[in-house]
Amino acid sequence: MSAVSRGRVLLVDDDPLVLSALGRVLGAAGFETIRCDTAAAALGHFAHESIDVIVSDIAMPGLTGLDLLQAVRQWNLELPVILVTGTPERESAALAVELGALEYLLKPVSDEFLVRSVTRAVRLYRLGKTKAEALALAGGRSGRTSDGIGLAAALDHAVEHVWPAFQPILRAEDRSLYGYEAFLRSNDETLTDPKSILDAAERLGRISEPGRRLRELAVAHFERLGEGLQLFLNVHPLELLSGEFEDESSKVCAAAGHLVLEFTERTTLDGVKDVTERLERLRHLGYRIAIDDLGAGYAGLVSFVSLEPEFVKLDVSLLRAIDESPVKQRLVSSMASMCRDMGLLVVAEGIETEAERDSAVSLGVDLLQGYRFGRPSRALERPRW
Ligand code: G
Ligand code: MN
C-alpha cells in the first residue's frame with residue numbers, strides 16, 4: 001500500500017478468491033481496502049468508518065448487493081456504489097440504476113477497468129463533498145417573482161423582445177479569447193430581468209420559449225464571427241424534452257460543434273426522463289455540456305455524474321473577494337485540481353477585480369469570465385485583461 005491512500009474501498013463478495021483478487025488489484029493501485037464476505041458485515045463497517053466507495057457483488061447468500069445498496073441509500077445519498085455481477089439480469093440492472101448505483105459491471109472485470117471505475121468514483125465523491133462545503137459557505141439563495149394579471153400576455157411581449165447579450169470568456173493560460181456566453185435580455189417593461197421571464201415561462205408551462213428565441217438569435221449573430229470560438233448557452237433541463245436541440249434542420253443543431261450547453265446546478269434534473277440518453281445523443285451531435293453555478297445549488301453528485309460534463313463553471317459566490325479568503329482559495333484550488341483529474345475544464349465566473357483574476361489564475365482555473373474582462377453586451381466585444 002502506498003503512503004497516501006487514494007481512497008478507502010469497501011469490498012463485498014462471498015467468494016474469498018474474488019475478494020482477495022479485487023483487494024490485491026486495488027491495493028496495488030494505492031487504495032486502502034476493507035474486505036467483507038457478507039453484505040451484513042459491510043453494513044457494520046459502513047456505519048463506523050469513513051468509506052469513499054463500495055464495490056459489491058450482487059448475488060450473495062443472505063442480503064444481496066442490491067439490499068446493501070438500498071440500505072446504504074437510507075444513510076447516504078451520495079456514496080458511490082459499484083455493483084459487480086456474474087449473471088447480468090435486466091431486472092437487477094434496472095433496480096441498481098433506480099437505487100442509484102454508480103456503475104453495474106460484469107464479471108470478469110479487468111484490473112485496469114476496475115481501477116479506472118474506482119478512481120472515478122472516489123474523485124466524484126470527494127468533489128461532491130467539497131461542493132457541499134462550498135454550498136454551506138455560499139449560503140442558500142432564493143428568488144421569486146410576483147404574480148400578476150396578464151402574465152401570459154406579458155410573457156408573449158417579453159419573448160417577442162428578447163435579445164442576446166454576449167459576455168467574453170478567456171483562457172487563463174495565454175489571455176486569449178475562448179468564446180462568449182449568451183445571456184437572456186428583453187426590452188419588455190414588466191418582465192425586466194431574465195429571472196422573472198424564466199419564472200413566468202416556467203409557471204405557464206412555456207419554459208422553452210424565451211430560451212429558444214434567444215438561442216436562434218444568438219447563433220445567427222455568432223455565425224458572423226466564424227470558426228474557432230465557443231458559444232455558451234444556458235439551458236433549463238426541461239428544455240431537453242422539446243427536441244429542439246436534436247432537430248437537425250435547425251441552425252442551432254448545425255452549430256452544435258461550437259456550442260456548450262450550460263445546466264445550472266440550482267435546478268434539478270428530476271422530471272426529465274432519460275436524461276443520460278438524451279445528453280448522449282446531444283454529444284453525438286457535437287454539443288458539449290457545462291455544469292453552471294457549481295457550489296450554489298443543491299443538486300447532488302448523482303445528477304452531476306449523469307451529465308458527465310466537459311466544463312464546470314464555479315459560482316460567483318466562490319470567486320467574490322477570493323483574494324481575501326483562504327477558505328475560498330482552498331475550495332477553488334481543490335475543485336480545480338479534482339476537475340482537472342477528471343478531464344474537465346474549469347471556468348471561474350463573476351471575476352470583477354484584478355486581484356480576483358490573479359487568484360483564480362494562480363489556483364489553476366482554465367477559463368475566466370466576469371465584468372473585469374467585459375460586461376454582457378449586444379456586440380461581440382473584444383475582452384480586456
Ligand atoms: O447563472 P449564470 O452564471 O448563467 O448567470 C450569470 C449572471 O451573472 C448573468 O446575469 C451575468 O450578467 C452576471 N454576471 C456576469 N459577470 C458578472 C460579474 O463579474 N459580476 C456579477 N456580479 N455578475 C456577473
Ligand atoms: Mn451561465
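Would you work out the charge dipole size for the chain about its Cα centre, treating the Cβ of every Lys and Arg as +1 and the Cβ of every Asp and Glu as -1, and quote it to the nearest 20 debye?
800 debye
Note the full-extension length gain between T38 and R283 as 0.36 nm times their separation in residues minus their Cα-Cα distance, in nm to one decimal.
Value of the extension gain: 84.2 nm.
So, in Å, what gap is there between the alpha-carbon centers of the range 204-280 and the range 367-385?
Taking the Cα centre of each part, the range 204-280 and the range 367-385 sit 22 Å apart.
Can you divide the C-alpha Rg of the range 1-111 by 2.2 N^0.38 Å and report the result to two decimal places?
Cα Rg divided by the expected 2.2 N^0.38 Å: 0.99.
Evaluate the relative contact order of the chain (contact order divided by residue number), counting alpha-carbon pairs under 8 angstrom at least 6 apart; express in whole percent.
Result for the chain is 13 percent.
Between A321 and E112, what's the calculated FRET efficiency when r is the beta-carbon distance and R0 is 41 Å? Round to 0.05.
0.40
Gain in length, E173 to H161, computed as 0.36 nm per residue apart minus the alpha-carbon separation, to one decimal in nm?
Roughly 0.5 nm would be gained on extension.
In a shell of Cβ-Cβ distance under 15 Å around L170, excluding L170 itself, what net charge do Lys and Arg (+1) and Asp and Glu (-1) give?
Surrounding charge for L170 is -2.
Let me have the relative contact order for the range 248-385, percent, based on Cα pairs under 8 Å that are six or more residues apart.
It comes to 18 percent, rounded to a whole number.
How many nm is it between the label spots at L217 and S362, if each spot is 7 Å from the Cα in line with the beta carbon?
Label at L217, label at S362, 4.1 nm between them.
Mind pulling up the Rg/Rh value for the chain? Radius of gyration and Kirkwood radius, both on Cα.
1.01
Please compute the Cα-Cα pair-distance distribution of the range 300-385 with 5 Å bins starting at 0, giving whole percents from short to long.
Using 5 Å bins, I get a P(r) of 3, 14, 24, 23, 17, 11, 6, 1 for the range 300-385.
Given the options G295, G30, G205, which has the most mean-square fluctuation in a GNM of the chain, springs set between C-alpha atoms less than 10 angstrom apart?
Evaluated over the chain, the most mobile residue of the options is G205.
Would you mind ranking H45, H284 by Cβ crowding within 10 Å, fewest neighbours first?
H284, H45
At 4 °C and a viscosity of 1.567 mPa s, what translational diffusion coefficient does Stokes-Einstein give for the range 190-235, taking Rh as the Kirkwood radius over Cα pairs? Give it in µm²/s as a whole number.
Calculated translational D: 109 µm²/s.
Just add up the charged neighbours of R73: K/R +1, D/E -1, any other residue whose Cβ is under 14 Å from the Cβ of R73.
The answer is -3.
Which residue fluctuates the most in the chain, going by a Gaussian network model with Cα springs under 10 Å, if the choices are V81, V252, V327?
V327
Values quoted throughout were computed directly from the atomic coordinates according to the rules given, and no laboratory measurement underlies them. Just so it is clear, the structure is predicted and the values come from calculations on it, not from any experiment. Methodologically, a virtual Cβ is constructed for each residue, glycine included, from the backbone with ideal geometry; neighbour enumeration extends over all protein chains shown.
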